[in-house]
Amino acid sequence: MTSLLRTAHLLSTAFGLMMVAAAGFQTIGVALVVAMFAGVAVLAGIALRVAATVAVLSAAAAIVISDAPPMLAALAGLSAACYLVLRYTEAGLAGVIGASAPALLAALGFTFVGVLAASFPFELPWLPLLAPLAVLGIYVLATRPFYKAGEGELELSSRS
């Protein structure tokens, strides 16, 4: 195992443990048990990648059960994103680590927007009705570079 991959392996485990710590912070009862299960899954994720996904889902369940504050949920979510990106890309080609600048900037940006949205106590009952339109708009903007200009055909490329 090269030094770069070994560092990514340790870093992904550190992000997983930080995710569990944020999800299990000041929890009691069932939420604490679920967070402890997530910690065990992170340790099992060292050998099995599928356990990493189970760990993230368990940490999310612990956050939901404990009704964690937005900052802890954001820290757990950011750590979970970094954990999964590193865990699932570390065993690829030598020197290929998935923690690219665009991936990390996107994770930080979505975390910032989520914390900002949770910080303001909006009482707008009609706001969830705009979510499907917003998702459609984001989808159109995200897939726009893959359409040929003027023809409206989807062009699949090998770019990543």
**Message:** Tell me the residue from 102, 128 that is under 27 Å from residue 87 (Cβ atoms) and modelled with pLDDT of 75 or more, please.
**Reply:** 102
**Request:** Specify which of the listed residues (51, 22, 55) is touching a residue at least 40 places away in the same chain (Cβ under 8 Å), within 23 Å of residue 11 (Cα to Cα) and either basic (Lys, Arg) or open to solvent by less than 20 Å² (accessible area, probe 1.4 Å) (or both).
**Result:** 22
**Asked** Does residue 122 meet the test of being among the hydrophobic types (A, V, I, L, M, F, W, C), within 24 Å of residue 72 (Cα to Cα), open to solvent by 90 Å² or more (accessible area, probe 1.4 Å) and at pLDDT 85 or above?
**Response** no
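The values are calculated or read from the model by the stated rules, or taken from the named source; none is laboratory data. Since we're looking at a predicted model, the values are computed, not measured. Here the Cβ is made from the backbone with ideal geometry for all residues, glycine too, and neighbour counts use every protein chain on show. Accessible surface is based on the protein model in full, side chains and every heavy atom, while ligands, DNA and RNA are left aside. Shrake-Rupley method; radii C 1.70, N 1.55, O 1.52, S 1.80 Å.
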